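K.L.:
Could you have a look at this structure, given as structure tokens, before my questions?
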Amino acid sequence: MSKFNAWSILSTAFLFVLGSIVLFPFFLMVVTSFKDSHEIIVTGLNIFPRAPVLRNYFTVFSKTYIARYLLNGVIVVVFTLAGQLLVNIPAAYAFAKRKFPFKKTLFLCILAALVFPRYIASIPNFLLLSKFRLIDTYAALILPSVASPFCIFLMRQYILTIPEVFFEAARIEGCGIPRVILTILVPMIKPAVGSFTIFSIVSHWNDFFWPLIVINSQKMFTPPAGIVFFADAEGASDWGAVMAAALLTVAPLIVLFLANRKQFIASLTSTGLKG
Amino acid sequence: MLKNKVKDNFVSYLLIFPASFFLILFIFSPIMYSIILSLQRYRLGFKNREFIGFKNYATLFNSPDFWDSLKITAVYTIFVVVISILLGLLLSILIFQRKKTGMIWQITFFLPVAATMAAMAIVWRFILDDNFGFLNNLLRFLGFAGMDWLRDTNTALGVVIMINIWANAGYAMVFFIAGLLNIPDELYQAAALDGSNRFQNFRYISWPLLSPSTLFITVIMTVRALTSFDTIKVMTNGGPTKSTQILSLLLYQEAFQFFNIGYASSIAVVYFILVLFLAIAQMKFDSRVYYQ
């Protein structure tokens, strides 16, 4: 029994130490965002603000387009997700429940696309978008991600488990395909849609690489690109405001995560292919 | 009857058409086009564009920058993958049986995975800041000298590796927890009857039964590490003196800062082949773990 206690105390202590280290950057970001600049530019160890201020947040909103960045992030995330569901669910349905020539070959192509890292296609995609004068637009941020091999794969796996009878019944009653998809399929695949929604939101809100390439003007930045631009422009002169901006960038997903812990973890680990 | 079948096939193709269209436009044809571009002398803003065969590849394989970058990528990947996995495994073992607090610990260690890495990299830049960063303040408080962590060739790569371990260990952990929860409790109960201790349990039950998960996690983490970009771009931008210039960053700089489209495409193709090997391995393990 005493051995058990020693182990338990030791392992809990270890978790506390490691957990504190893991959480420390988040903690420091929060407290620094409420510090006055003369409390930040010091060489001593003062962690908590002596007099918490909101000034950094005013600075961020007045000095940067942070509201616009956040809005851009929401627009990109929402339209990307809507496009992905609209385009990929019908394909997933066809691959799961219909027979047609070359089905196997085509599905193998999609599985292959699942593993291509995005950097490979980035140069031609950049050239293509420039050719159509779409650089610096929402379209450039959204369109390349609309087709999602992962979405097709995930939905297909889920649709495969739905018994045939549901579709039979609809067919006998003379339901057209669009109605079958909307009224029978979509309600039944809600868990898969939920899982993919989290995955998609996290990937596109956090994406830094693609906005860096296709966006040139400040007003079109998504939050990650915006915060990095702000930090680079500000240098080390206003860390408080930079931390406030970082907090505003990170907060939406953290809140989403804390509200849907289990689903969130399941969704992000349903694939290791997050690029 | 035949007419029906033709109509049926037509409907099927109609259903997959939108997805196929976008897939071909933004994934498949770009990959083909990358190969073509890699055989061309092509720099944005310059007029002469011509096929030069494998000259880009020759330049690439003769470039010390490329070999350095490959070496840095290998070192970075090995350290991030091995340590993240060991740490993830250790955490999962310490956490998975905790009924009441298990979820809190999982949230704690998974938090960096959910956070926007570009923003957190900025926070790390602040922590590691030469003058007013927390780390140097702490070191000075304890009587040591501070360092310019991100601008010193001796420390930059190590720091970047540590931060990516911070970002990835929780990811490995949740896979291991899933693996551990799949192991039937009876095995441990039977072992307990035989007087097996904690380390024997791990050595003879958990570890062998986790091995398919371990393989799978290793591949996933390797692909993640090989394709990482955000933290390094934000924290060091490949510097100082290219000491943290991993392959994705080399590709980015050649393509989108110097607009050396042809040359950068040859990097992309080499990169692609590298990741493809791993991807094939991943699919193999993927099917082994989940569809056995």
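K.L.:
Suppose we keep only residues that are more than 10 Å from chain B (Cβ to nearest Cβ) and of a type in the set (Gly, Ala, Ser) within the range A:241-270. Which one would you say is surrounded by the most Cβ atoms within 10 Å (Cβ to Cβ)?
P.N.:
Among those that are more than 10 Å from chain B (Cβ to nearest Cβ) and of a type in the set (Gly, Ala, Ser), it is A:Ala244.
K.L.:
Going by what's in this entry, would B:Leu210 be described as within 28 Å of the chain's Cα centre (by Cα), within 30 Å of B:Val123 (Cα to Cα) and assigned to a helix (DSSP H, G or I)?
P.N.:
Working: within 28 Å of the chain's Cα centre (by Cα): yes; within 30 Å of B:Val123 (Cα to Cα): no; assigned to a helix (DSSP H, G or I): yes.
So B:Leu210 fails the test.
K.L.:
Could you say whether any residue in the range A:257-268 is more than 13 Å from the chain's Cα centre (by Cα) and at pLDDT 90 or above?
P.N.:
Checking the range A:257-268: at least one residue is more than 13 Å from the chain's Cα centre (by Cα) and at pLDDT 90 or above.
K.L.:
Given the conditions (1) surrounded by fewer than 17 Cβ atoms within 10 Å (Cβ to Cβ); (2) assigned to a loop (DSSP other than H, G, I, E, B), which single one is not true for A:Leu111?
P.N.:
The number of the failed condition is (2).
K.L.:
Could you please find all residues in the range B:85-109 being crowded, with 22+ Cβ neighbours inside 10 Å and hydroxyl-bearing (Ser, Thr, Tyr)?
P.N.:
Kept after step one, since they are crowded, with 22+ Cβ neighbours inside 10 Å, are these residues of the range B:85-109: B:85, B:88-89, B:91-92, B:95, B:105-106, B:109.
Matches in the range B:85-109: B:Ser92 only.
K.L.:
Return a yes/no flag: does the range A:63-83 have any residue that is more than 30 Å from B:Asn131 (Cβ to Cβ), part of a helix (DSSP H, G or I), in contact with a helix residue (DSSP H, G or I) (Cβ under 6 Å, 6 or more places away or on another chain) and of a type in the set (Ser, Thr, Tyr).
P.N.:
There is at least one residue in the range A:63-83 that is more than 30 Å from B:Asn131 (Cβ to Cβ), part of a helix (DSSP H, G or I), in contact with a helix residue (DSSP H, G or I) (Cβ under 6 Å, 6 or more places away or on another chain) and of a type in the set (Ser, Thr, Tyr).
K.L.:
Please specify each residue of the range A:28-48 satisfying the condition of being in a helix (DSSP H, G or I) and within 18 Å of B:Phe141 (Cβ to Cβ).
P.N.:
Looking only at the range A:28-48, we keep the residues that are in a helix (DSSP H, G or I), and these are A:28-33, A:37-40.
Across the range A:28-48, the qualifying residues are A:Leu28, A:Val31, A:Thr32, A:Glu39, A:Ile40.
K.L.:
OK, next. Could you check the range A:161-202 and list, in sequence order, the residues that are away from chain B (no Cβ under 11 Å) and small (Gly, Ala, Ser)?
P.N.:
Passing the criteria: A:Ala169, A:Ala170, A:Gly174, A:Ala192, A:Gly194, A:Ser195, A:Ser200.
K.L.:
Name the residues in the range B:76-101 that are more than 9 Å from every other protein chain (Cβ to nearest Cβ) and in contact (Cβ under 8 Å) with a residue 40 or more places away in the chain, would you?
P.N.:
B:Tyr76, B:Thr77, B:Phe79, B:Val80, B:Val81, B:Ile83, B:Ser84, B:Ile85, B:Gly88, B:Leu89, B:Ser92, B:Phe96
K.L.:
Find the helices (runs of 4 or more DSSP H) located wholly in the range A:147-219 whose residues include 2 or more that are out of contact with any Pro (no Cβ under 6 Å at 6 or more places or on another chain), closer than 18 Å to A:Ala266 by Cβ and touching a residue at least 24 places away in the same chain (Cβ under 8 Å), and list them.
P.N.:
Values: elements: A:149-160, A:164-172, A:190-206, A:209-214.
Output list reads A:149-160, A:190-206.
Residue-by-condition table, conditions (1) at the interface with chain A (Cβ under 10 Å from one of its Cβ atoms); (2) modelled with pLDDT under 95; (3) in a helix (DSSP H, G or I):
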site	(1), (2), (3)
B:Asn237	yes, yes, no
B:Leu278	yes, yes, yes
B:Met283	yes, yes, yes
B:Asp286	yes, yes, yes
B:Val289	no, yes, yes
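K.L.:
On to the next question. I want to confirm something. Restricting to the range A:81-100 and keeping residues that are surrounded by fewer than 19 Cβ atoms within 10 Å (Cβ to Cβ) and within 7 Å of chain B (Cβ to nearest Cβ), which single residue is modelled with the lowest pLDDT?
P.N.:
Checked the range A:81-100; the qualifying residue modelled with the lowest pLDDT is A:Arg98.
The values are calculated or read from the model by the stated rules, or taken from the named source; none is laboratory data. A quick note: this is a predicted structure, and the numbers were derived from the prediction, not measured. Neighbour counts are summed over all protein chains in view; Cβ atoms, including those assigned to glycine, are modelled from backbone coordinates with ideal geometry.
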